[in-house]
Amino acid sequence: MWLEAEAHHFNPAVHSIIFETFVAPIFGNGRPSYQSIIKANVDKLGKVLDIYESRLSTTKYLAGDFFSLADLHHLPYTHYLMQTTFSKLVTSRPHLKAWWEDTSSRPSFKKVSPEMNFPTPN
């Protein structure tokens, strides 16, 4: 269920935010980020994260009290989201924030996350 939520609700919204924040300014031939796209998707993602917050108020991880692929699949985009001004979408929700702090502190993620960066625009 949570992989479906990620694929159909979380990913489309967070992808648009990340693309417009990091990718478009670098590879869009100088085009600016479309703030209207970002705003619309911040609103959508907020609604999705409200559901995640509710779920995480009853379980430690998305699929239950065990770390699973559902959590793992959320790590890359959440990592990038946390590098934006929209990180408050996570940090303002206490259970989601605790989930992020737990999952992002796993040794395997700590090992790879320093390499997960977008190049800076010229």
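The values are calculated or read from the model by the stated rules, or taken from the named source; none is laboratory data. This structure is a prediction, so every number in the text was calculated from the model and none was measured. Cβ: placed from backbone, ideal geometry, glycine included. Neighbour counts: every protein chain shown. Accessible surface areas use protein heavy atoms only, side chains included; no ligands, DNA or RNA. Shrake-Rupley method; radii C 1.70, N 1.55, O 1.52, S 1.80 Å.
Please find, within the stretch 101-115, the residue that is nearest to D50 (Cα to Cα) out of those that are open to solvent by 30 Å² or more (accessible area, probe 1.4 Å) and in contact (Cβ under 8 Å) with a residue 12 or more places away in the chain.
Restricting attention to the stretch 101-115, the residues satisfying the condition of being open to solvent by 30 Å² or more (accessible area, probe 1.4 Å) are 101-102, 105-108, 110-112, 114-115.
Next, from what is left, pick out any that are in contact (Cβ under 8 Å) with a residue 12 or more places away in the chain: 102, 106.
Numbers: D102: 19, R106: 24 Å.
Among those residues, the one meeting the criterion is D102.
Limited to the stretch 42-51, what total is found for residues that are in contact (Cβ under 8 Å) with a residue 24 or more places away in the chain, over 15 Å from S87 (Cβ atoms) and either out of contact with any His (no Cβ under 7 Å at 6 or more places or on another chain) or outside any helix (DSSP H, G or I) (or both)? Don't jump to the end; show me each part of the working.
Going through the stretch 42-51, the residues in contact (Cβ under 8 Å) with a residue 24 or more places away in the chain turn out to be 42, 44-46, 48-51.
Keeping just the survivors that are over 15 Å from S87 (Cβ atoms) gives 44, 48, 50-51.
If we keep only those that are either out of contact with any His (no Cβ under 7 Å at 6 or more places or on another chain) or outside any helix (DSSP H, G or I) (or both) too, we end up with 44, 50-51.
Summing the residues that are in contact (Cβ under 8 Å) with a residue 24 or more places away in the chain, over 15 Å from S87 (Cβ atoms) and either out of contact with any His (no Cβ under 7 Å at 6 or more places or on another chain) or outside any helix (DSSP H, G or I) (or both) in the stretch 42-51 gives 3.
Would you confirm, using the coordinates I've provided, whether S57 is modelled with pLDDT under 95 and of a type in the set (S, T, Y)? Step through it out loud before you land on a result.
Details: modelled with pLDDT under 95: no; of a type in the set (S, T, Y): yes.
No, not satisfied.
Quick one: in the stretch 37-63, of everything that is among the small types (G, A, S) and open to solvent by 30 Å² or more (accessible area, probe 1.4 Å), which residue is farthest from A24 (Cα to Cα)? Break it down stepwise before answering.
Going through the stretch 37-63, the residues among the small types (G, A, S) turn out to be 40, 46, 54, 57, 63.
Remaining after also requiring open to solvent by 30 Å² or more (accessible area, probe 1.4 Å): 40, 54, 57, 63.
Numbers: A40: 17, S54: 33, S57: 35, A63: 33 Å.
Going through the qualifying residues, I end up with S57.
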I want to confirm something. Restricting to the stretch 85-100 and keeping residues that are open to solvent by 50 Å² or more (accessible area, probe 1.4 Å) and assigned to a loop (DSSP other than H, G, I, E, B), which single residue is modelled with the highest pLDDT? S92
M82 fails exactly one of (1) open to solvent by 40 Å² or more (accessible area, probe 1.4 Å); (2) more than 16 Å from H15 (Cβ to Cβ), namely (2)
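Looking only at residues in the stretch 63-84 that are of a type in the set (S, T, Y) and assigned to a helix (DSSP H, G or I), which one is farthest from V23 (Cα to Cα)?
In the first step, residues of the stretch 63-84 are kept if they are of a type in the set (S, T, Y); the result is 68, 77-78, 80, 84.
Retained after the next criterion (residues that are assigned to a helix (DSSP H, G or I)): 77-78, 80.
Numbers: Y77: 13, T78: 16, Y80: 11 Å.
Here the answer is T78.
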